[in-house]
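First the structure, in the form of structure tokens, and then the observations on it.
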Amino acid sequence: MRILHTADWHFGRQLEGRDRRIEQAAFVDELCQIADDKSVDLVLVAGDVYDSVNPPAWAEELFYEALERLSAEGTRGVVVIAGNHDQPERVRAAAPLATKHGIVLLGLPKESPLTPEETVEGRVRIVDGGPSWLELAVPGCEHHAVVLALPYPSESRLKELLSESFSQEQMQLAFSERIGQLLTELSRHFRDDTVNLVTSHLFVMGGLETDSERPIQIGGAMTVSPMAFPEKADYVALGHLHRLQKLREKPLVRYSGSPLSYSFSEAGQSKAVVLVEVVPGSEVQEEIIYLTSGRPLARWKATEGISQVEQWLAEGRDAGAWIDLELHVSDVIDPAEFQRLRKLSDDFLKIQRVVVREDRQDEETERVELAELTPEQLFRRFYERKRGAQPDERLVAMFERLLAETGGEEEAQ
């Protein structure tokens, strides 16, 4: 059986105010093409389909389009779990319809997959299932897949689940131990003749983070040991961390990472999906498939001013990338010159101006972040550079009145 692992789509997310829907739609096209070209039998989407609990309508439409295309008219299995960014009820809302096409949507850890009243020959079939697990039969596959599916197990959601079957004493165990106990209990559904899989959305100790995940755990209380996953599992498909990484060999525990870079802390990272081929009793075969649909992110540090930026653009440096520009200048930039800089390229998402001033008396270089200067300070520095003298207080007061009337504080900064 061939399984395609992806996660952290974050449909609806922007980057520095820029819409990413074109890139996200291109990713769906690429993912579906990979599934077809590689003859994938089962797709696991390990959470964070959306970037917020209330995504825009186009993001929901794109998600449902992806499900319909991936399912290949019910001949390919698709299992989707909710992540911490998703509203569980929104992810599972279409489950009654999706189940008829071999698509399993789970929002909460305690949920059982829906089973259609009738089965159609030649389509994916849910053979059995219960809270947080299911057994799938996929057309053309000799073996069934048993999937332990654990949507984002927040503290409150996990307690609600465990209170049904665990004692109060066990409730006091560490988060990692409770997750391990739960998965061990669920792993009794694994068999020697099935492809045994785990998918969840959580933070595993040893995983490398990026800024784009936003704060995901407090004081390590919500982390899980790599050893919490059952030995009988063939593959563990995780979501939550946006960097492609392997955390354990046996069972094979992986984060697929996000399909797009969602912060400049991910500049230079390659994005991918993971394809694994599993035959019961044999070594798992994996293939990392790198994606090309998302625009890369690049950080530029222009220490020689605007002329250096112009040179890089002329050379075609990082063509097609979104750019975070740090521009070093000797003094405040003329507003007209700054606007000209912005118009040099639509790829500039963020421009940080840094004033580097050399003081000959003490021979030190002072680095001042312009974002830390007030509008008044910026005005004084600009006036002094243009006129060679400090503005009088009456002129400064007039500037502040105009600023207040026009609401131009943001532009002044």
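Projected label points at residue 193 and residue 402, each 7 Å from Cα along the beta carbon direction, are separated by 8.4 nanometres. Taken per residue, the accessible surface of segment 1-130 reaches 40 Å², heavy atoms only and a 1.4 Å probe.
Solvent exposure of residue 332, expressed as accessible area, is near 20 Å², computed with a probe of 1.4 Å over the protein chains only.
When the solvent-accessible area of segment 217-331 is split by element, carbon and sulfur atoms take up 47 percent of it, the probe being 1.4 Å. Between amide H atoms placed 1.01 Å from N, distances below 5 Å from residue 329 occur with 354, 355, 356, all of them 5 or more places distant or on a separate chain.
With the simple model of a label 7 Å out from the Cα in the direction of the Cβ, residue 307 to residue 343 spans 2.2 nm. As a fraction of the 1.4 Å probe accessible area of segment 1-53, surface on carbon and sulfur atoms comes out at 43 percent. Estimated from the Cβ-Cβ distance and a Förster radius of 45 angstrom, the FRET efficiency linking residue 395 and residue 57 is about 0.35. Modelled this way, with points 7 Å down the Cα-to-C-beta line, the labels at residue 354 and residue 246 are 3.7 nm from one another. The slack between residue 141 and residue 117, meaning 0.36 nm per residue of separation minus the straight C-alpha distance, is 6.4 nm. Per-residue packing, averaged as other Cβ atoms within 10 Å, sorts the ranges 24-34, 390-400 into the order 24-34, 390-400, beginning with the highest. Orientation-averaged projection of segment 285-335 equals 5.4 nm² [convex hull of Cα atoms, one quarter of hull surface area]. From most to least packed by mean Cβ count within 10 Å, the peptides 79-91, 342-354 give 79-91, 342-354.
The values are calculated or read from the model by the stated rules, or taken from the named source; none is laboratory data. Note that the structure is a prediction, hence the values are computed from the model and not measured. For neighbour counting, all protein chains shown are included, and Cβ atoms are generated from backbone atoms with ideal geometry for every residue, glycine included. What goes into the accessible areas is simple: the full protein's heavy atoms, side chains included, and nothing from ligands, DNA or RNA. Shrake-Rupley method; radii C 1.70, N 1.55, O 1.52, S 1.80 Å.
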